[in-house]
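The values are calculated or read from the model by the stated rules, or taken from the named source; none is laboratory data. All figures in this text were calculated on a predicted structure; none of them were measured in a lab. Positions of Cβ are generated from backbone atoms using ideal geometry, with glycine treated the same way; all protein chains shown enter the neighbour counts.
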Amino acid sequence: MRERLDEYAGYHQTTGNELCHYVGIPSIVAGSATLLGLVRLATFGGFTLTLAEVVAAAIVVYYVLSARLLGLATSLVLVLLVAAGRALPLWAGLAIFVVGWIFQGVGHAAFEHRSPAFMRNLLHLLVGPAWIVERVLKRFGGVEKPGLS
């Protein structure tokens, strides 16, 4: 994960692009949960399992196995964003999903002048949330490089 985070950081050097990602990535994650929540898989009592929960669980496993403490912190944020996205009506989830991608595009076009990292490696779609969590921990938590590998 350290190598992927460092590579991802190389595509995000400007403050403007970073700020756009602070809005864009959580919006995309929550909006994705709204959309994936449309695919119902099973019902257990009053709980309906959807594709949103299945995808989130797989991503949590990836984060925890590849980034330990940072993975746990990122997983907590992911779970909260998925829950928020699942609670949104379809129109709102779709709107924040689209707006999130607009923020990403503006960040790269207006500030970074470089294509997004996921254009080179699709795994960076999963690295982005961890990168944000790591940046927040560095800025506000005084943690330089939270438990990786």
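Have a look at VAL77, VAL55, VAL64, VAL127 and point out the one that is within 15 Å of ALA9 (Cβ to Cβ), hydrophobic (A, V, I, L, M, F, W, C) and either under 13 Å from the mean Cα position of the chain (by Cα) or not in a strand (DSSP E or B) (or both).
So the residue among VAL77, VAL55, VAL64, VAL127 that is within 15 Å of ALA9 (Cβ to Cβ), hydrophobic (A, V, I, L, M, F, W, C) and either under 13 Å from the mean Cα position of the chain (by Cα) or not in a strand (DSSP E or B) (or both) is VAL127.
Condition first: in contact with a helix residue (DSSP H, G or I) (Cβ under 9 Å, 6 or more places away or on another chain) and of a type in the set (Val, Ile, Thr). Now tell me which residues in segment 1-57 satisfy that.
THR14, THR15, VAL23, ILE25, ILE28, VAL29, THR34, VAL39, THR50, VAL54, VAL55
If you check GLY37, GLY10, GLY85, which single one turns out to be within 16 Å of the chain's Cα centre (by Cα) and not aliphatic (A, V, I, L, M)?
Going through GLY37, GLY10, GLY85 in turn, just one is within 16 Å of the chain's Cα centre (by Cα) and not aliphatic (A, V, I, L, M): GLY85.
Can you pull out every residue in segment 36-52 that is surrounded by 17 or more Cβ atoms within 10 Å (Cβ to Cβ) and either in a helix (DSSP H, G or I) or of a type in the set (Asp, Glu) (or both)?
Within segment 36-52, LEU36, ALA52 qualify.
In segment 116-149, which residue that is among the small types (Gly, Ala, Ser) and modelled with pLDDT of 85 or more is farthest from ALA30 (Cα to Cα)?
ALA117
Tally the residues that are part of a helix (DSSP H, G or I) and buried (at least 19 other Cβ atoms within 10 Å of the Cβ), restricting the search to segment 6-35.
Of the residues in segment 6-35, 15 are part of a helix (DSSP H, G or I) and buried (at least 19 other Cβ atoms within 10 Å of the Cβ).
In segment 90-110, which residue that is in contact (Cβ under 8 Å) with a residue 24 or more places away in the chain and not aliphatic (A, V, I, L, M) is nearest to TYR11 (Cα to Cα)?
HIS108
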